[in-house]
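Presented below is the structure to which this report refers.
What follows draws every value from the coordinates through simple rules; no lab data is involved. Since the model is a prediction, treat every value here as computed from it, not as a measurement. Positions of Cβ are backbone-derived with ideal geometry, glycine not excepted, and every protein chain shown enters the neighbour counts.
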Amino acid sequence: TADANRIDHLASALPSWFPAGSGKGHGVDTRARAAIWIHPREFAKFARQILRRAQNLKQAIGSRDLGAARLRARKLGQGCDSCHRRFRGNSSLWHMW
């Protein structure tokens with residue numbers, strides 16, 4: 001449950017990590033694509049989706065439903081991967097697992 005709480009906390013903070021003026025064009029060393037700042041509404045949509053999926057995972061873990069937790073963890077991972085592909089370039093998270 002502590003890990004689920006941490007994921008939920010990080011997901012809620014995600015939009016604050018990329019304020020205006022924090023991209024490569026402003027001298028910041030980042031792997032983030034300019035699309036984050038060019039399309040902030042789309043990025044915000046991805047961030048909301050990640051937060052919702054993180055909360056769903058936390059709920060499934062809290063209910064001790066292993067099947068639901070696995071499914072929701074997979075969905076969360078897919079959401080993270082989609083966001084990384086769009087806003088971080090060809091950088092899939094799956095190579096880390």
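How many residues does segment 1-18 contain that are surrounded by fewer than 14 Cβ atoms within 10 Å (Cβ to Cβ) and among the acidic types (Asp, Glu)? Within segment 1-18, residues that are surrounded by fewer than 14 Cβ atoms within 10 Å (Cβ to Cβ) and among the acidic types (Asp, Glu) number 1.
Considering segment 55-92, and only residues there that are in contact with a Leu (Cβ under 6 Å, 6 or more places away or on another chain) and in contact (Cβ under 8 Å) with a residue 40 or more places away in the chain, the residue that is surrounded by the most Cβ atoms within 10 Å (Cβ to Cβ) turns out to be Leu57.
Evaluating Gly21 against the criteria (1) surrounded by fewer than 18 Cβ atoms within 10 Å (Cβ to Cβ); (2) assigned to a helix (DSSP H, G or I); (3) among the small types (Gly, Ala, Ser) leaves one unmet condition, (2). Checked against the criterion of being without any contact (Cβ under 8 Å) to a residue 12 or more places away in the chain, not in a helix (DSSP H, G or I) and not aromatic (Phe, Trp, Tyr), segment 33-49 has at least one qualifying residue.
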